[in-house]
């Protein structure tokens, strides 16, 4: 089964206007499997949600994290149960903080890398210079409230350029929830898991394997069948998802992008047409960013 | 509550970084209040401060940082609407995280009530306060010279 994750959410413990209880209720109402609490520079909401979940045992899991909100960019950690200080944040050596977080068993992601920072909001753009992605689990390629072309498109392109160069870094999306925003037709993160399984452990495994989907509600999956790759559509029943009349699969490699009609629900692509590394994406109709529905895990042949 | 220490400071326009104050809480407290305030009049620009020079600077910064072409009206809107002095506070006790207030406020308390087990949003409740307290002033953005702030720590 596929599990839906909402990995970037705030509460009144930092600058949002929803309480921990309200965040939990919003996630439950929208059928989320696992959500993270990632308040700015504080872990104070974690024990509040832990207490509610322990007492009421609702059918949802929580990842206890924080968003490092630094002067040079935001590092969203959907899991960070032990606070790791960031006093010595170094714009030219952010690897030190990523490494310290990973030693504390965190999950680490670069949040909204191309958001506007100064003079709009200092620190929102990721201005740190990462040269070693070893301890970066993912890039938040879509931050839902941000403008599609100005902010999210360069984020998607940056991630694609990294993985096409061979970097092992996964892609995720975030609501960056600060209030009661609708999650319909917004991108969420999906990963494979088992009914009743530990969603955080499954997320860790998915990130390590680069097996995360960023999607509005329809996934594209792939199998190898002899000399052919078979891609399928998979409706994950995300509330508010509006199906498209037609679907197009694209495979982007280092040199080009090839499009395939997948409206029927599946398409067979000879392996000879796929480069050693390719990024599958799904569009509803014409191939343009406004129609993007899903970014699927990178194919490595 | 008993005042443990009070400090005042001034930060200049463009300062980005942090200032940490450390004090030994030699007697145990069951309540702690960390009060931080900075000059509210320095937080935003007023319409008459949106000078042609500042507007030109803003247009140039948007072009340089984001390749964003904005006209003077948009720049004026950014100056009056978005640009702000943003200073937050974070505290640790014996190197354990106590909390952080990351909200757009010029006057804030980090209040811990160890008797009732409560704390201000952003802070983690605890019963006892003794040892090395570090309070860090996090200056994300300072838009005007001479921005004064005051930090007071009190215990009970």
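Bear in mind that the values in this text are calculations on the coordinates, not laboratory data. Being a predicted model, the structure only gives us computed values, none of them experimental. Here Cβ is always computed from backbone atoms with ideal geometry, including for glycine, and neighbour counts include all displayed protein chains.
Rounded, prolate or oblate: pick one for region A:109-200, where a ≥ b ≥ c are the square roots of the eigenvalues of its C-alpha gyration tensor, a/c under 1.5 means rounded, and failing that, prolate if a/b is larger than b/c, else oblate. Cα axes put region A:109-200 in the oblate bin. One Cα centroid belongs to region A:56-70, the other to region B:59-133; the line between them spans 21 Å.
Rounded to the nearest 0.05, the FRET efficiency derived from the C-beta distance between residue B:60 and residue A:225 at R0 = 56 Å is 0.50.
The mean sequence distance of close C-alpha pairs (under 8 Å, at least 6 residues apart), as a share of the length of chain B, puts its relative contact order at 48 percent. For the segment A:113-121, counting C-beta atoms of other chains within 10 Å of every residue's C-beta and taking the mean gives 6. With respect to chain B, whose longest principal axis is taken over its alpha-carbon atoms, helix B:72-81 is tilted by about 10°.
Helical content alone sets the calculated 222 nm signal of chain A at -5500 deg cm²/dmol, taking -39,500 (n - 2.57) per DSSP H segment of four or more residues and averaging over every residue. By how many degrees, 0 to 90 and rounded to 10, does the Cα axis of helix A:153-164 deviate from the longest principal axis of chain A? Result, in degrees: 70.
Note on residue B:40 and residue A:148: with the Förster distance fixed at 45 Å, the Cβ-Cβ geometry gives a FRET efficiency of about 0.80. Which FRET efficiency value, to the nearest 0.05, is calculated for residue B:69 and residue B:27 with the Förster distance at 51 angstrom and r the Cβ-Cβ distance? Computed FRET efficiency for residue B:69 and residue B:27: 0.25. Between residue B:6 and residue A:208, the modelled labels are 5.5 nm apart [label points 7 Å from Cα along Cα→Cβ].
Rounded to the nearest 10 degrees, the inclination of helix A:199-209 to the longest alpha-carbon principal axis of chain A is 50 degrees. When both region A:77-106 and region A:255-301 are represented by their alpha-carbon centers, they are found 35 Å apart.
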